[in-house]
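The values are calculated or read from the model by the stated rules, or taken from the named source; none is laboratory data. It should be emphasised that the depicted structure is a prediction, and the values quoted were computed from it without experimental measurement. For neighbour counting, all protein chains shown are included, and Cβ atoms are generated from backbone atoms with ideal geometry for every residue, glycine included.
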């Protein structure tokens, strides 16, 4: 069993912190502008892929870590402390975003880029629609990660750009439906600070991304033959 690697833990915590602060921050302060928010999440991934990618692989997403653990690219022990780091980073990112809004004097903070369905969805998608949407979006995103980081891939140094653009793409479809999660940590951080309906609905944005990631891992391994 591999031992705990503090550098990887710190990298994943820092990366998820940046993702939540900038991705959710742009969503909040742009009024959830579709293109701006999608680009913010995608550009964060592109930047971090080259900053922390050499250290931890730049998962910054428990769903990505799950897919890679299923395909034995990381151990289950690594999966455990990666997820712990990602949740910690998301909580810190959401907390700082909360404090920024408080200092702006807007009164009660009601928006932290949280995910939702029914009345919390721009298109009032129901819980089943949200589950299906998030499973599909996560499947596409995690499958892309698995494919372009495979030893068989020819993507090379372009992998970070491809992954970032894919995250932008899934956000363009999902923002008006669920707010686009595809990342349990990114959803849990804002929901925990806001509580109420956000924390009541967050289970969808934990379960669906994990299901989508597991399906992507299996599809990549047995259909696309991404693994050796």
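Within 29 Å of residue 219 (Cα to Cα), in contact (Cβ under 8 Å) with a residue 12 or more places away in the chain and part of a helix (DSSP H, G or I): which single residue out of 92, 161 fits that description?
When all the criteria are applied, what remains is 161.
Over 20 Å from residue 38 (Cβ atoms), assigned to a helix (DSSP H, G or I) and touching a helix residue (DSSP H, G or I) at 6+ places or on another chain (Cβ under 7 Å), is that true of residue 188?
In short, yes.
Any residue in the stretch 209-218 that is surrounded by fewer than 16 Cβ atoms within 10 Å (Cβ to Cβ), without any contact (Cβ under 8 Å) to a residue 60 or more places away in the chain and farther than 19 Å from residue 19 by Cα?
No: the stretch 209-218 contains no residue that is surrounded by fewer than 16 Cβ atoms within 10 Å (Cβ to Cβ), without any contact (Cβ under 8 Å) to a residue 60 or more places away in the chain and farther than 19 Å from residue 19 by Cα.
Here are some residues: 136, 199. Which one is touching a residue at least 60 places away in the same chain (Cβ under 8 Å) and surrounded by fewer than 24 Cβ atoms within 10 Å (Cβ to Cβ)? Write out each step before concluding.
Working: 199 fails: touching a residue at least 60 places away in the same chain (Cβ under 8 Å).
Just one listed residue meets the conditions, 136.
Out of all the residues in the stretch 55-90, which are over 26 Å from residue 139 (Cβ atoms) and surrounded by 20 or more Cβ atoms within 10 Å (Cβ to Cβ)?
none
On the basis of being outside any helix (DSSP H, G or I), surrounded by fewer than 20 Cβ atoms within 10 Å (Cβ to Cβ) and touching a helix residue (DSSP H, G or I) at 6+ places or on another chain (Cβ under 6 Å), does residue 122 make the cut?
Details: outside any helix (DSSP H, G or I): yes; surrounded by fewer than 20 Cβ atoms within 10 Å (Cβ to Cβ): yes; touching a helix residue (DSSP H, G or I) at 6+ places or on another chain (Cβ under 6 Å): no.
It is false that residue 122 is outside any helix (DSSP H, G or I), surrounded by fewer than 20 Cβ atoms within 10 Å (Cβ to Cβ) and touching a helix residue (DSSP H, G or I) at 6+ places or on another chain (Cβ under 6 Å).
Kindly indicate which of 52, 74, 60 is touching a residue at least 40 places away in the same chain (Cβ under 8 Å) and more than 12 Å from the chain's Cα centre (by Cα). Lay out the reasoning, then the answer.
Values: 74 fails: touching a residue at least 40 places away in the same chain (Cβ under 8 Å); 60 fails: more than 12 Å from the chain's Cα centre (by Cα).
Step by step, each of 52, 74, 60 is checked, and only 52 is touching a residue at least 40 places away in the same chain (Cβ under 8 Å) and more than 12 Å from the chain's Cα centre (by Cα).
When residue 67 is evaluated against the numbered criteria (1) at pLDDT below 95; (2) more than 21 Å from residue 175 (Cα to Cα), which criterion, by number, is the only one it fails?
(1)
Across the stretch 145-158, what is the total count of residues that are part of a helix (DSSP H, G or I) and either farther than 18 Å from residue 56 by Cβ or modelled with pLDDT under 95 (or both)?
The qualifying residues number 4.
Suppose we filter 20, 26, 35 for residues that are surrounded by fewer than 15 Cβ atoms within 10 Å (Cβ to Cβ) and over 23 Å from residue 221 (Cβ atoms); which single one remains?
Answer to the selection: 35.
What is the one condition in (1) at pLDDT below 95; (2) touching a helix residue (DSSP H, G or I) at 6+ places or on another chain (Cβ under 6 Å); (3) more than 24 Å from residue 173 (Cβ to Cβ) that residue 111 does not satisfy?
(3)
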